[in-house]
Each structure stands twice: as structure tokens, then as C-alpha cells.
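Following: one structure in C-alpha cells, then a few remarks.
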Amino acid sequence: MTTSNRFFSLRDIGIFFYLIPFRMAASVLPIGAIRFFGLLMGHVYSALAYKRKRRIQLRLRTALGNSTTNDEIMELSRRCLLNAVACHVDALILNRIGTQALLANGKVSGLEHFKNALLKGKGVLLVTGHFTGLKIACRFLHESGYPHFGIVKRHADDPGASWLENRYLSQYWSKVIDQTGRAPVFVEDKDLGLRIMKRLRENGIVIISLDVPFSQHLLTRPFLGSEQAFPVGFLKIVYATGAAVVPMVGIGNSSAFTICFEEAVNLREAARKDEFVAKNIDILVRILESQILKDPSHWLLI
């Protein structure tokens, strides 16, 4: 078990406020009031989180190069923090918003690409990143009659967090992450590959987050000016099943969002599985990069 050399950190105060009193208030106060208080929290956090903002600015500079001015980088970093806070507020109120009321606040494009992929009868892997509107996109799919499962990682102690957070506060995250009541599918599950394959062979839908290295099978690729490891186990399943791969991106929050389904990826054929994986992970990484660069402030991992 990972232990921290800090008993307490100032971050614990914000986490405690969000996970306990604010979460409780979000269950009873009007949604408009929660959004208002969330916006205030976002501005306060943006003003105080100097180190976090500085790290974001450095990452943005690496990703965007010299074509972006310092003022633009600073504004983007501020929006990154505001959007991240809005996304956390959404996690508390999304289950209280009716489907019609929610969909009235956004737009969905490219749904025909997703439907055409399903018509092939071999299942669909929706490949995405951790964008601000991902939970809304998942909600839209379920409400539209497209049940699916995503894959999450079991909670583990964070070596960068305090002992107090790891020991007590982290247990509340599960009450925020998924309020749908659906049983999670964990990347550590021994039968994960079989479950994905079974779902695809039933012409089902699986969501894959490409931007986190939660897999036993990883490949490192150039990404946003540096390098990053990407999960590739799902591509081995695509090779075996012939499932369609459809890029998806959801940005915004429950008051204004956009969900976009792109055309199914024209995957490169290969005689061997490893060759198939190596060829096609590059295509998917470039697609993810282009999605992020359209507006980096909606990517939560910046």
C-alpha cells in the first residue's frame, strides 16, 4: 500500500468541502443555485491554484507551440480550471436533470456515423478522451437506447495526496463518480477482455478512454509535443472481432454541451495482430490530438 509523508494538505479542505457538505447541498438546493455556487468556486479556485495553473500553461505551451501568445495561454489555463470545476459540479447534479431538459441545452452531431457502424453488426468501440462532456455523452447514449459500458480503474492510494485524503476522503469519490447505479467494469478485472469481446459479438457498445494508460498492453507514441503511453489491448480485440471504431467527443456541461460522433475509422489492415495494433494506434492518437487541440480547455487531463 502506498503511504504519504504528509498527514494533511491544504487541498484536503477543498476536497472535504466538495465531497461532503457541497455534495449534500447539491442533492436538495435548486440546480441553478448549485451552478451559481459552482461558478463562484471555479473563479476562487482559478485565482488561488497558481501552481496548477502554471503546470497547465507549460503543458499548453508544449502542445500549442509558439503560434499561441502568452495572453492566449493564460486565458486557456483559466478556462481549463473553470471547466474542470464545472465538470465536478455536473457530477453532483446530472442525475437530477430530466432527459428532455438536459438535451434542450446541447446538440448532438454525427449520430448517423454511430448508427451506420452499428448496422455492420460487429459491435462498436467508442474511442474518446476525458473531456468535460463525457458523462453527458454516456447519459445521452443510455437514454437513447444504446446501453454500453465504460472501463474504470479501481481506486488506489495516491502517493501525491495526504494520509487524510487517502485514508478517509477518497472513500466518498465513488459516490460522485457514478450515480447511475450501474455496476462498474474495472480494468483490473481478469475477465475484462472476454467481457468486451462478448459485448461486441452481441453488436454491443463499449467506451474506451484512449488518454489514460490503464492497460496491461501499452505503446508509447508522440503526443501533444511530448510522449505518452496509450492502451492498445482493445485494438487486439478489434483485430479478432472486426468491430467498428468510432471516435466520440463530448464537451461542455449540463447547461451547454456538444456531443460529436465522427466517422468510423478506416483501420489499416495487417497480416499480424501486433502490426495491426502498431499501425492503427497512431491513427487514433492523431485523432485524439486533433480533438484536444480544437479547444484544450475542455480536456480534463491537460
Inset, instruction - Among the candidates 87, 80, single out the residue that is open to solvent by less than 50 Å² (accessible area, probe 1.4 Å), under 13 Å from residue 257 (Cβ atoms) and in a helix (DSSP H, G or I). - result: 87
Legend entry - Criterion (β-branched (Val, Ile, Thr), touching a residue at least 40 places away in the same chain (Cβ under 8 Å) and closer than 20 Å to residue 39 by Cβ) met by exactly one of 89, 108: 89
Inset, instruction - Would you check if there is a residue in region 241-248 being modelled with pLDDT of 95 or more, crowded, with 21+ Cβ neighbours inside 10 Å and in contact with a Ser or Thr (Cβ under 6 Å, 6 or more places away or on another chain)? - result: yes
Inset, instruction - Taking residue 274 as the residue in question, decide whether it is outside any strand (DSSP E or B), in contact with a strand residue (DSSP E or B) (Cβ under 7 Å, 6 or more places away or on another chain), within 23 Å of residue 187 (Cα to Cα) and open to solvent by 40 Å² or more (accessible area, probe 1.4 Å). - result: no
Legend entry - Only one of 292, 237 that is among the β-branched types (Val, Ile, Thr), touching a strand residue (DSSP E or B) at 6+ places or on another chain (Cβ under 6 Å) and either part of a helix (DSSP H, G or I) or open to solvent by less than 40 Å² (accessible area, probe 1.4 Å) (or both): 292
Legend entry - Some residue of region 63-76 being under 22 Å from residue 253 (Cβ atoms), touching a residue at least 60 places away in the same chain (Cβ under 8 Å), in contact with a Pro (Cβ under 9 Å, 6 or more places away or on another chain) and surrounded by 15 or more Cβ atoms within 10 Å (Cβ to Cβ): yes
Inset, instruction - Scan region 269-293 and report the pairs whose first residue is under 30 Å from residue 72 (Cα atoms) and whose second residue is of a type in the set (Lys, Arg) and open to solvent by 80 Å² or more (accessible area, probe 1.4 Å), with Cβ atoms within less than 9 Å and a gap of 6+ or a chain change. - result: 283/268
Legend entry - Restricting region 4-22 to residues that are over 22 Å from residue 80 (Cα atoms) and of a type outside the set (Phe, Trp, Tyr), the residue that is surrounded by the most Cβ atoms within 10 Å (Cβ to Cβ): 4
Inset, instruction - Consider residue 251 carefully, then state whether it is outside any loop (DSSP other than H, G, I, E, B), within 21 Å of residue 120 (Cβ to Cβ) and among the β-branched types (Val, Ile, Thr). - result: no
Legend entry - Residues that are open to solvent by 40 Å² or more (accessible area, probe 1.4 Å) and either charged (D, E, K, R) or within 11 Å of residue 207 (Cα to Cα) (or both), drawn from region 109-156: 112, 115, 120, 122, 135, 139, 143, 147, 151, 152, 153, 154
Inset, instruction - With the checklist (1) modelled with pLDDT under 95; (2) open to solvent by less than 70 Å² (accessible area, probe 1.4 Å); (3) on the phi < 0 side of the Ramachandran plot in hand, flag the one item residue 259 doesn't pass. - result: (1)
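Matching residues to (1) among the acidic types (Asp, Glu); (2) assigned to a helix (DSSP H, G or I); (3) more than 30 Å from residue 102 (Cβ to Cβ); (4) in contact with a helix residue (DSSP H, G or I) (Cβ under 8 Å, 6 or more places away or on another chain):
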residue	(1), (2), (3), (4)
17	no, yes, no, no
24	no, yes, no, no
38	no, yes, no, yes
41	no, yes, no, yes
51	no, yes, yes, no
62	no, yes, yes, no
76	no, yes, no, yes
Inset, instruction - Within region 111-149, work out how many residues are outside any loop (DSSP other than H, G, I, E, B), touching a residue at least 12 places away in the same chain (Cβ under 8 Å) and over 27 Å from residue 289 (Cβ atoms). - result: 2
Inset, instruction - Check region 94-108 and report whether any residue there is open to solvent by less than 40 Å² (accessible area, probe 1.4 Å) and of a type in the set (Ser, Thr, Tyr). - result: no
Legend entry - Unmet criterion (only one of (1) of a type outside the set (D, E, K, R); (2) under 24 Å from residue 16 (Cβ atoms); (3) at pLDDT below 95) for residue 80: (3)
Inset, instruction - Show the residue pairs that are 6+ apart or on different chains and have beta-carbon atoms under 8 Å apart, the first residue being within region 41-58 and without any contact (Cβ under 8 Å) to a residue 60 or more places away in the chain, the second being assigned to a helix (DSSP H, G or I) and among the basic types (Lys, Arg). - result: 46/53; 46/78; 53/78
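The values are calculated or read from the model by the stated rules, or taken from the named source; none is laboratory data. Predicted, not measured: the structure shown is a model, and the values here were computed from it. No Cβ is skipped: glycine too gets one built from the backbone with ideal geometry, and neighbour counts run over all protein chains shown. Please note that ligands, DNA and RNA were not included when accessible areas were found on the heavy atoms of the full protein model with its side chains. Shrake-Rupley method; radii C 1.70, N 1.55, O 1.52, S 1.80 Å.
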